[in-house]
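See below for the structure under consideration.
Computed from the coordinates by the stated procedures, all read-outs in this text should not be read as laboratory data. Note that this is a predicted model, so its numbers are computed, not measured. All Cβ positions, glycine included, derive from the backbone under ideal geometry; neighbour counts span all protein chains shown.
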Amino acid sequence: MKKFICVAVCAALIICCSPLALAQEAVVCTEYYYEGYLDPLESIEPVSADVHTTLDISAKSVILMEPYTKKILYESNCDEKLAPASITKIMSLLLIMEAIDEGKLTLETQVTTSEHAASMGGSQIWLEPGETMSVHELLKATVIASANDATTALAEAVAGSEEGFVALMNERAGELGMSNTHFENCSGLDAENHLTTAHDVAIMSSELIKHSLIKEYSTVWMDSLRDGKSELVNTNKLVRFYEGTTGLKTGTTSTAGHCLAATAERDGLELVAVVMGAPTTNDRFNGARKLLDFGFANWSFATIEPDLTEISVPKVEKGTGLPLVLTAQPLNLLLKKGATDKIERTPELPETITAPVTKGQVVGYLHLTLDGEQVGVIELKAASDIPKMNFFVAIKWLIAQLMRL
């Protein structure tokens, strides 16, 4: 049975395993400490650059998602309801980021620890009732060390109580379309009916990483609190050992097994990989790496430039005689690598359009399809105004013509 622990270890052990020299009497706080915790990730076989590859991942449920389009690039059993452990904190952190954006909290806001927050078990920084820390310090403890007491203190600062905060978590989950999720607490401790899915975790992870502030914490490998007396070690080993990692959150309980929501970015492509119910911690990291490797090997964003010279422009009726000129913006599409040249472009415009026409008015569309499936639409717009012809416009036009003589 796996346990959440924060283990006090002597500085000599940490110095041998870590590139950072820690304080001599420091207490190391992390979600799950085990022998070899600071060791590099084991080698895995390279993932084939084939979008139809079936990945060998030891876990109950996995998904790979592009966070801005929400396109699923790979999944296996991604809608099974499972205990999420501490990846629950992704939703907690989302609400905290939104509270900061709304001005309800600042990073300097001082939060006093309640009896309830201090009573949290599992991973913690041993907050004492009445102890005060800033939001910045509590965020470090929550994101890096997955501290349940710090998370609860922040939840109470936002909503007044953990119960009120959990209600907000479930409300926000509904707004995001996380239909298979129900939270019972803000930290991820095992509880009946505290369930979510890999798909829903990917959704809330995608929303969280829209807040650039979170990455100032989720990319940190080691930090400290209390003037170095409490050392924080990131539970996500990918932060140190996987190129492009931007976060995000691990989770481990006896019910949930080993879980991970990992985010990484390379060459302008950001991905969210979720692994739930892995039997070992190495399985979750290896699974996430395989998912991310698969995504980076097979997908990229491509800029599609519309060729307006090949599009028949509608005639303008009842106008001033000025021709309709089209304009359109390029479109960035998430595509399989090498697919850009295979895209078919089909314009949709009327044969005629009635004046007046205003600059920027959408007059048609350019449909982009790949293998018979629509992958994008570019709006075709008027580049300038074309007034409707009437007596006054006609007189003005006539005077203008005479002035040119």
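Antiparallel as a % of all DSSP beta bridges within the chain, to the nearest 5? Walk me through the numbers on the way to the answer.
Working: 58 of 64 bridges.
Counting only bridges with both partners in the chain, antiparallel ones make up about 90 percent.
Mind jotting down the three principal axis lengths of region 227-350 based on Cα atoms? Whole angstrom, largest first.
Computed over region 227-350, the largest-to-smallest principal extents equal 78, 38, 26 Å.
Find how much the distance from N282 to R266 grows on full extension, using 0.36 nm per residue of separation minus their present alpha carbon separation; answer in nm with one decimal. Mind dumping the intermediate values first?
Details: separation 16, 0.36 × 16 = 5.76 nm, distance 2.29 nm.
So the chain would gain 3.5 nm between N282 and R266.
Is there a pair in K71/K249; K337/K359; K140/K210 whose C-alpha atoms are over 24 Å apart, and which pairs would that be?
Details: K71/K249 21 Å; K337/K359 36 Å; K140/K210 18 Å.
In this structure, K337/K359 lie more than 24 Å apart at Cα.
When the helix-only estimate is applied to the chain (DSSP H runs of n ≥ 4, each -39,500 (n - 2.57), divided by the residue count), what is the mean residue ellipticity at 222 nm, nearest 500 deg cm²/dmol? Write out the running numbers ahead of the final one.
Working: 11 runs with 114 residues, N = 405.
Only helices count here, giving -8500 deg cm²/dmol.
Note the angle between two axes, namely the Cα long axis of helix 198-208 and the longest principal axis of the Cα atoms of the chain, as a number of degrees from 0 to 90, rounded to the nearest 10.
On a 0 to 90 degree scale, this one is about 80.
Which far-off residues, 5 or more places away or on another chain, put their amide H under 5 Å from the one on V363, with H placed in the peptide plane?
The list, which skips near neighbours in sequence, is L380, K381, A382.
Can you list residues whose amide H is under 5 Å from S230's amide H, if they're 5+ apart or on another chain and H is modeled 1.01 Å from N?
V27, L225
What distance in nm separates the simple spin-label points at D227 and K81, each placed 7 Å from Cα in the Cβ direction?
Taking the simple label geometry, D227 and K81 are separated by 5.0 nm.
Let me check against my output: what whole-number percent is the relative contact order of region 11-301, with C-alpha pairs under 8 Å and at least 6 apart?
RCO, region 11-301: 27 percent.
Arranged by the count of other C-beta atoms within 10 angstrom, fewest first, what order do D39, D149 take? Can you show the working numbers first?
On the way: D39 10, D149 27.
Least crowded to most crowded, the residues run D39, D149.
Quick one: which residues, 5 or more positions from L73 or on another chain, have an amide H under 5 Å from its amide H? H modelled 1.01 Å from N in the peptide plane, none for Pro or chain starts.
Counting only residues 5 or more places away or on other chains, the set is L64, M65, E66.
Treating cross-link reach as a plain straight distance, find the aspartates and glutamates whose alpha-carbon is under 14 Å from the alpha-carbon of K229, omitting any fewer than eight places away in the same chain.
E25, E137
Between A383 and T369, what is the label-to-label distance in nm when each label sits 7 Å out along the Cα-to-Cβ direction?
2.9 nm
With only Lys, Arg, Asp and Glu charged, each at its Cβ (+1 for the first two, -1 for the last two), find how big the charge dipole of the chain is about the Cα centre; round to the nearest 20 debye. Kindly include the intermediate steps, with their values, before the conclusion.
Values: 32 positive and 53 negative charges, 272 e Å.
Using only the charged Cβ atoms, the result is roughly 1300 debye.
Determine the gain in length on full extension of the stretch S212-H136; use 0.36 nm per residue of separation and subtract their C-alpha separation, reporting nm with one decimal.
That pair, S212 and H136, stretches by 25.9 nm at full extension.
Please state, to two decimals, what the Cα-based radius of gyration of region 305-403 comes to when divided by 2.2 N^0.38 Å (N = residues).
Normalised Cα radius of gyration, region 305-403: 1.38.
Compare the peptides 360-372, 288-300, 165-177 by average per-residue count of other Cβ atoms within 10 angstrom and give them in order, highest first.
288-300, 165-177, 360-372
Through the Karplus equation 6.51 cos²θ - 1.76 cosθ + 1.60, θ set to phi - 60°, convert the phi angles of region 260-277 into ³J(HN,Hα) values in whole Hz; use x for Gly and Pro.
Result, rounded to whole Hz: 7, 10, 10, 10, 8, 9, 9, 6, x, 10, 10, 9, 10, 10, 10, 10, 10, x.
Among F165, T320, T54, whose Cα sits farthest toward the positive end of the charge dipole of the chain (+1 at Cβ of Lys/Arg, -1 at Cβ of Asp/Glu, about the Cα centre)?
Value: T320.
I need the fraction of alpha carbon pairs in region 122-184 separated by more than 17 Å, rounded to a whole percent.
Numbers: 908 of 1953 pairs.
So the portion of pairs separated by more than 17 Å is 46 percent.
How much length, in nm to one decimal, is gained on full extension between K70 and T346, taken as 0.36 nm per residue of separation minus their Cα-Cα distance?
The K70-T346 span can extend by a further 96.9 nm.
Going down the list K315/K388; K60/K237; K81/K215; K290/K342, which pairs span over 18 Å between their C-alpha atoms?
Details: K315/K388 13 Å; K60/K237 21 Å; K81/K215 28 Å; K290/K342 27 Å.
The pairs that break the limit, which is 18 Å between Cα atoms, are K60/K237; K81/K215; K290/K342.
For region 305-403, what is the relative contact order in percent, using Cα pairs closer than 8 Å and at least 6 residues apart in sequence?
Relative contact order here is 32 percent.
Give the label of the value calculated from the structure for log10 I(q)/I(0) by the Debye sum over Cα atoms at q = 0.09, 0.12 Å⁻¹, choosing from (1) -0.63, -0.92; (2) -0.74, -1.02; (3) -0.61, -1.05.
(1)
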